[in-house]
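Q: Got a structure for you, written out below as structure tokens; questions coming shortly.
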Amino acid sequence: MTVMPRGGARAGAGRRKGHTGRTFESPEQIQRFRARIQTNQIIKHLNQIAAGELDDPKSPVVTAGLGLLKKVLPDLATVEHTGKDGGAIEHSVGLAWMTEAEAKNRGWA
């Protein structure tokens with residue numbers, strides 16, 4: 001049995017140079033994997049589970065199906081709003097002063 005030293009720098013220890021920890025090398029590869037996920041089949045199966053036709057709703061199949069859907073379907077938590085022709089949204093704020101009589105009529109003065 002070999003006793004390993006504790007603490008300090010050791011030859012060969014730690015993350016290798018150039019290793020980023022990414023699972024996939026390119027965006028194209030990610031797109032290919034996403035294309036292989038059969039979204040319609042996953043949704044159909046989850047609907048059957050929700051209707052009580054299949055499996056236990058707490059089964060690992062449900063967790064796995066939801067995890068796969070998160071990889072394929074966009075997260076709708078963020079929505080981008082754009083104006084005309086994809087440009088900025090124009091806002092206009094009007095400010096008008098009212099007379100003291102108008103403010104009294106509205107109950108503000």
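Q: Being charged (D, E, K, R) and surrounded by 11 or more Cβ atoms within 10 Å (Cβ to Cβ) narrows it down to one residue among E102, E90; which is it?
A: E102
Q: While we're on this one: Identify the residue in region 18-32 that is charged (D, E, K, R) and modelled with pLDDT under 75 and, among all such residues, is farthest from K70 (Cα to Cα). Even if it seems obvious, please write down each step before you answer.
A: Initial filter on region 18-32 (charged (D, E, K, R)): 22, 25, 28, 32.
Still in the list and also modelled with pLDDT under 75: 22, 25.
Details: R22: 18, E25: 20 Å.
That would be E25.
Q: Report, ordered by the first and then the second residue, all pairs with beta carbons closer than 8 Å, sequence separation of six or more or different chains, a first member in region 48-70 that is without any contact (Cβ under 8 Å) to a residue 24 or more places away in the chain and closer than 17 Å to I37 by Cβ, and a second member that is of a type in the set (D, E) and part of a loop (DSSP other than H, G, I, E, B).
A: Here the result reads V61/D55; V62/D55, each pair linking region 48-70 to a residue that is of a type in the set (D, E) and part of a loop (DSSP other than H, G, I, E, B).
Q: Follow-up question, since we're still on this one. When you scan region 34-52, do you find a residue that is in a loop (DSSP other than H, G, I, E, B), loosely packed, with under 10 Cβ neighbours inside 10 Å and at pLDDT 80 or above, even just one? Please lay out each step first, then the result.
A: Of region 34-52, the ones in a loop (DSSP other than H, G, I, E, B) are 37-38, 51-52.
This time we only want the ones that are loosely packed, with under 10 Cβ neighbours inside 10 Å, so: 51-52.
Next cut, at pLDDT 80 or above only: 51-52.
Looking through region 34-52, at least one residue is in a loop (DSSP other than H, G, I, E, B), loosely packed, with under 10 Cβ neighbours inside 10 Å and at pLDDT 80 or above.
Q: Tell me yes or no: at least one residue of region 71-93 is assigned to a helix (DSSP H, G or I) and either among the aromatic types (F, W, Y) or touching a residue at least 12 places away in the same chain (Cβ under 8 Å) (or both).
A: yes
Q: I would also like to ask the following. For the list (1) in a loop (DSSP other than H, G, I, E, B); (2) surrounded by 10 or more Cβ atoms within 10 Å (Cβ to Cβ); (3) modelled with pLDDT under 80; (4) not small (G, A, S), I need the number of the one condition that R6 fails.
A: (2)
The values are calculated or read from the model by the stated rules, or taken from the named source; none is laboratory data. Since we're looking at a predicted model, the values are computed, not measured. Reconstructed Cβ throughout: ideal geometry from the backbone, glycine too, with neighbour counts over all protein chains shown.
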